[in-house]
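Right, one structure below, let's go through it.
The values are calculated or read from the model by the stated rules, or taken from the named source; none is laboratory data. Remember, it's a predicted structure, so these values are computed and weren't measured experimentally. Cβ placement follows ideal geometry from the backbone for every residue including glycine, while neighbour counts extend to all protein chains displayed. All accessible areas refer to the heavy atoms of the entire protein, side chains included, with ligands and DNA or RNA removed. Shrake-Rupley method; radii C 1.70, N 1.55, O 1.52, S 1.80 Å.
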Amino acid sequence: MEEKYNINSLKVINDIIVKDKIPHAMLFEVDDCNEAIKCIKDIVKLIMCKEKDKNLHNLNCGKCNICNLIDTDNYPDLMIISTDSAWIKKQQLLDLQDEFNNKSLLDNKRVYIIQQADRLNPASENSLLKFLEEPEDDIIAMLITENRYLLLDTILSRCQIYNLKSNSLNIDNDIKDKVENLIEYFSKKKNLFVFYKDIFDNVLPDKNMALRVLSDVEKYFVYYLSNINDIDYSDSIFKAIKNIDVEDMVLYVKIIEKEKQKLEYNVNYKIWVDSFFAKVIGDVYGRNSSC
Ligand SMILES: [Zn+2]
């Protein structure tokens with residue numbers, strides 16, 4: 001069950017053990033943030049534990065005081081930031097910085113983990129950025145996300161990125177024609193308002209279908225962006241996706257994520273369709289036409 005996060009296979013182990021180099025900030029892109037936390041804590045143990053011989057077969061001793069404290073979430077120099085709500089709040093980042101302003105009592109590295117880093121809102125994202133911009137030797141940041149394209153470029157550029165996603169695309173075959181249809185419209189930059197009736201009747205007829213279709217479009221885009229050199233173009237959807245500019249695709253992922261949230265908040269569906277179309281035409285189609 002843990003196999004997809006088999007840490008032996010990770011490049012991060014190589015960096016830490018073989019190169020003896022630990023990046024100040026790491027971003028782990030995973031299938032499921034909650035499942036991945038165990039693997040990430042194993043990496044923390046690898047960094048913190050002083051008992052073990054560092055080799056690929058004996059990553060952490062699993063019995064020293066440090067390892068035990070990390071396993072039970074009681075290690076004072078490891079902070080985990082997470083949220084049950086839509087956003088990680090700025091105050092959580094400020095508390096973290098306060099905590100880390102004091103020197104470690106244990107004379108060891110200090111680590112903070114941000115689970116679901118894509119739930120940072122603009123204010124908390126900026127606080128984190130300030131923290132990342134002034135790295136201290138003994139502080140290590142570990143960000144976990146299911147979708148790196150939702151984070152600011154300025155944060156991504158400061159992190160060593162490790163893709164731990166399993167290379168599978170879990171899409172809903174029942175709605176594949178709708179997904180393909182919408183991607184075709186995007187790839188040909190068709191004016192969505194001109195085809196309003198066709199899209200409304202056949203692709204996005206109601207809120208629930210819109211959520212399902214947009215989720216799968218997003219999955220296709222993220223899969224494409226993460227596996228760009230290894231795409232099977234016998235799938236006609238990927239043939240269409242290939243015509244979309246990569247920067248546009250990143251924009252689509254961000255827009256779709258926001259639009260899904262709006263839909264879930266019970267907006268008037270017809271008004272939502274209008275604003276979604278306007279957003280795509282203004283933000284994506286309009287991005288290149290102005291110059
Ligand atoms: Zn240990």
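Peptides 191-203, 134-146 ordered by packing proxy, namely the average of other Cβ atoms within 10 Å per residue, highest first: 134-146, 191-203.
Counting only protein heavy atoms and a 1.4 Å probe, the chain has 51 square angstrom of accessible area per residue.
3J(HN,Hα) along the range 151-167, derived from phi through the Karplus expression 6.51 cos²θ - 1.76 cosθ + 1.60 where θ = phi - 60°, amounts to 9, 4, 4, 5, 6, 4, 5, 9, 10, 7, 9, 10, 8, 9, 5, 6, 7 Hz, with x in place of Gly and Pro.
Dividing the summed helix terms, -39500 (n - 2.57) for each DSSP H run of n ≥ 4, by the number of residues in the chain produces a 222 nm estimate of -13500 deg cm²/dmol to the nearest 500. In the context of the full protein assembly, LYS189 retains an accessible surface of approximately 80 Å², using a probe radius of 1.4 Å and ignoring ligands and nucleic acids. Taking all Cα pairs closer than 8 Å and separated by 6 or more residues, the relative contact order of the range 173-285 comes to 32 percent. Among the trypsin sites (Lys or Arg not before Pro) in the range 66-143, those placed in a DSSP loop whose Cβ has at most 14 other Cβ atoms within 10 Å are LYS103. Non-local amide H neighbours of TYR162 (under 5 Å, H modeled in plane, Pro and chain starts lacking H): which ones? Under 5 Å from the amide H of TYR162 lie the amide H atoms of LEU27, PHE28, GLU29, each far enough along the sequence or on another chain.
Under the criterion of Cα pairs below 8 Å and six or more residues apart, the relative contact order for the range 71-198 equals 23 percent. Taking amide H as placed 1.01 Å from N in the peptide plane, MET79 has its amide H under 5 Å from the amide H of VAL111, TYR112, ILE113, each at least 5 places away in sequence or on another chain. Just the protein heavy atoms count here, and of the accessible area of the chain at 1.4 Å, carbon and sulfur take up 47 percent. In a simple Cβ point-charge model (Lys, Arg +1; Asp, Glu -1; nothing else charged), the chain has a dipole of about 340 debye relative to its Cα centre.
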